[in-house]
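Working notes for the structure below.
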């Protein structure tokens, strides 16, 4: 540390750094710098790579600036002390950190041990309860015998509630088992009764089928005789008797017309009864599995064309025309030709009955692996309620359409069974006043089917 007193001409009066320079005008850079200052400042500089800090304070004599007082000291020791202090502080900080970490680890280990002990003590009852709950879920109601509640805390309350719940479940389970056994016995009894009832129904249905078949066979021969004699009588009357009868008498003419009408009624009703008998025989044979099927490769177009020829006379007395719309290049199917013709004739006949004017279209298309046949008419349509039952035996649209023609109620059920035998299905789409569409599909690429 040093002190220099000098005036503004840089003359040194006191110089503790170099006493020999007292009363000498100083010319050094730092000396001239200090002589130029009129305000107190702190000045740092280096001399011989040694840092110094100097306080420069102006001095006045009788209020007039006279000179400056310079107080300086070396920063080298200060820096060394600061560096040493920094090292000591860092070392102390390291020691504190190490001690803190060690203390934390010790407390952490102690805390983990305490938590483990407490959690083990708390979780063991919970684990036991969980295991018991799983056994209880599997139907083991003896689990409560191994559970002992010794505490009154929350876990103890939970254990007591679990024991009570398991006992209630056991009682409920026993009641359910008793009820289940009673239900099983009741179901078994009902099953036996249902089997007996079903057996009785099958026997009754078989008896009905046999009865219909027997009656049909018994009626067929006398009915054929009645029709035959009616036709012979009609022919004899027309060819022999009527030409010999004069019609001048009004009563004779009226009787002649009445006889003709009666003969026509006998023939017409006889034919209707013949159709009924044939349908009864068909449905009986189908249900009894006695139909002889003649399965062969055939074109559906041939079936439609043949049915159109047979039903041609149906359209003579009505303003209805038959349209055939058959897609070309259709593959063959394997089926009974006569039975499929019977299906198409039945559908066309029904369409004619309920169509007063317009058209009936027989449309055939290929749809995927099936041949789709649709009979589309412009008739009165079918109510949605009737659509659900017209394929049942003895059910017909005429039941709910007053004044409309009635049939036997067996035509569509027969069609349904014939189509199903060929691996297809039949359905109807209709709306009142807008006509009906009866459709059925026939698979052509299932086992044995031949493509064209």
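The values are calculated or read from the model by the stated rules, or taken from the named source; none is laboratory data. Predicted model, so just to flag it, every value in this text is computed and none were measured. All Cβ positions, even for glycine, are placed from backbone atoms using ideal geometry, and neighbour counts span all protein chains on display.
What the table below lists for this structure:
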{"item": "Residue that is farthest from the chain's Cα centre (by Cα), among those in the stretch 39-61 that are under 17 Å from residue 5 (Cβ atoms) and exposed (fewer than 12 other Cβ atoms within 10 Å of the Cβ)", "result": "61"}
{"item": "Residues (touching a strand residue (DSSP E or B) at 6+ places or on another chain (Cβ under 9 Å) and under 18 Å from residue 420 (Cβ atoms)) located in the stretch 343-366", "result": "343, 344, 347"}
{"item": "Only listed residue being modelled with pLDDT under 70, surrounded by fewer than 13 Cβ atoms within 10 Å (Cβ to Cβ), touching a helix residue (DSSP H, G or I) at 6+ places or on another chain (Cβ under 9 Å) and part of a helix (DSSP H, G or I), chosen from 210, 218", "result": "210"}
{"item": "Residue check for residue 104: under 30 Å from residue 17 (Cβ atoms) and surrounded by 10 or more Cβ atoms within 10 Å (Cβ to Cβ)", "result": "no"}
{"item": "Residue check, residue 9 touching a helix residue (DSSP H, G or I) at 6+ places or on another chain (Cβ under 8 Å) and assigned to a loop (DSSP other than H, G, I, E, B)", "result": "yes"}
{"item": "Failed criterion for residue 427 (all others in (1) under 16 Å from residue 355 (Cβ atoms); (2) modelled with pLDDT of 90 or more hold)", "result": "(1)"}
{"item": "Output for the stretch 344-353, where each listed residue is touching a residue at least 60 places away in the same chain (Cβ under 8 Å) and surrounded by 20 or more Cβ atoms within 10 Å (Cβ to Cβ)", "result": "346, 347, 350, 351"}
